[in-house]
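The values are calculated or read from the model by the stated rules, or taken from the named source; none is laboratory data. Everything numeric here is computed off the predicted structure, so don't read it as measured data. Note that we place each Cβ from the backbone using ideal geometry, even for glycine, and neighbour counts take in every protein chain shown. These area figures cover heavy atoms from the full protein model, side chains too; ligands, DNA and RNA do not enter into them. Shrake-Rupley method; radii C 1.70, N 1.55, O 1.52, S 1.80 Å.
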Amino acid sequence: MIPSTSFRDPAGRCCVGENRVLRWIAAEHTPAFEAFLETPFARRFTAERRLIPTRKLGRVEREAMECLPGMDREMLAAGEIYEHERVTFPSYAWEWPAEMLHAAGELTMLLALAALADGYGVKDATPDNVLFQGPKPIFVDVLSFEKREPGDPVWQPYAQFVRTFLLPLLAARWWGLPLADVFITRRDGLEPETLYRWCGPLQRLRPMFLGLVTLPTWLAGRGQAPSAHHERRLADPEKARFILEMTLRRSGRVLADLKPRSGNRSTWSDYMETHSYGEAAFKLKEEFVRLVLEEARPRRVLDVGANTGHFSALAAAAGATVVAIDSDARCAGAVWQRALTETLNVLPLVIDIARPTPPLGWRNRECPSFLERARGGFDCLLMLAILHHLLVMERVPLEDILALAAELTTAHLVIEWVAPADEMFRRLARGRDHLHADLDRDAFERACRPHFDVVRFSRVGDAHRWLYWLRKRSVKS
Amino acid sequence: MSYVDPGSGLLIWQALVAAVFGLLFYLKKTREFLLSIVRTCFGGKKRS
């Protein structure tokens, strides 16, 4: 049996290995799949990196695969194997800010409309079909495209598109509902009935809610009529296509109306302007990080507690591929917007390092946890102005934090030690100073020693903060 | 209590909206037909 991360589509399965993403497609579906890959639509969007590049494995590669342990030769013989370009760091909708879900929705709509011209349609419309390469969405489920029946006026995945894109965006906009609250417990997004219960009587009559929430809820009682689920075919293909195109365009307009507003504030979105140390100290911090990036030349950086992404942008400008995580969705949204505008290779994710994403899906095997995906995947870890939050707010022992850092990075760690005398530390401690009485620089350096060697350290001006460049002990050079 | 299929409301709503689009299609066709008559009667040569 091929170890598979996707199994819902009977036409094929996807298998993610160390460095490769392979897709097995059943023999009866391969001619249609290959015909699709040759369409002008597929060629254009693959060249633009909006559709994942895909190639068929040659005979030699295929035979080599058949020799791998655990491979089901019978199954391999019953189909063809294709390889997709690997996305650097797979992420899921529950780790995205609303801005990224919106961008994924826009890509889905764009492809659904463009595919029509070549006589294709998308058979599902969920965020699971989209990954992000840096800040740019890329459609990865190439099997989602199928030749459409000329007389079919119905966009089959309309309801799924509403549940997994439009309603979560509506809930994020009106109630600030994080996408993790939607998708971690609900694979198929939000039902109109759920939002209907959250709305007041007047809100239900607002135009945006009327079409997405209120009318579908009122009509749901009539849904038992079997005609609602019957396939419809029109005698006039032109009319069918007109209806389908109008449905797609209308869904696209609703999606455009749900674009997350920029400039919304949160607890941490103004941190760069309101941090407790002065501009000169901040410049020193910036210079320290810049020097590490110049000397260490990391290829893959994980910025933990990235805030608005200032240091992620520095790392990306130095040529690294960056994953920037922060528990604040507004911050992650701002990082995404900046990365897109400035063409920075930064993937922002809404992740609280103290409560990282668990493994999800069937048998907890469909979507690996954040730590599973991140472990050993970076040669440099930035932990700037985050340590005191983990120590004080989360009460995580210092040794455990450094042990996790050593799991995540294969080489370098840039970490800011914030002493208990620091203003922000004291603000977070709220008078419980006795809990942190044993924390000082010596204790910090002792905790680092089992995993890291100190390469360089520097005080951040006159603040009670020190920056450390640490190198993992197993790394010789 | 009777079972209500979750999400069925969206399907019915989609069908209703599609019906409206179906009407629009005939309106569009009628408009095109009338315009073609007007062009034939008053437009002279067809533009290529």
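Points to keep in mind about this one:
- Criterion: open to solvent by less than 70 Å² (accessible area, probe 1.4 Å) and either more than 7 Å from chain A (Cβ to nearest Cβ) or modelled with pLDDT of 90 or more (or both) - qualifying residue of B:F25, B:F42, B:F33: B:F25
- Filtering the stretch A:200-217 to residues that are open to solvent by 10 Å² or more (accessible area, probe 1.4 Å) and away from chain B (no Cβ under 12 Å) leaves A:G200, A:P201, A:L202, A:Q203, A:R204, A:L205, A:R206, A:P207, A:M208.
- In the stretch A:155-189, the residue that is surrounded by the most Cβ atoms within 10 Å (Cβ to Cβ) out of those that are within 14 Å of chain B (Cβ to nearest Cβ) and basic (K, R) is A:R163.
- Filter result for the condition that a residue is crowded, with 17+ Cβ neighbours inside 10 Å and at pLDDT below 95, over A:A225, A:A220: A:A220
- The sole residue among A:D152, A:D118 that is within 14 Å of chain B (Cβ to nearest Cβ) and within 24 Å of A:L37 (Cβ to Cβ) is A:D152.
- Residue in the stretch A:190-199 that is farthest from the other protein chains (Cβ to nearest Cβ), counting only those that are surrounded by 17 or more Cβ atoms within 10 Å (Cβ to Cβ) and not aliphatic (A, V, I, L, M): A:C199
- A:N264 meets each of the listed conditions (1) open to solvent by 30 Å² or more (accessible area, probe 1.4 Å); (2) under 18 Å from A:C331 (Cα atoms); (3) at pLDDT 95 or above; (4) of a type outside the set (D, E, K, R) apart from (3).
- Here A:F132 meets each of (1) at pLDDT 95 or above; (2) within 14 Å of chain B (Cβ to nearest Cβ) with one exception, condition (2).
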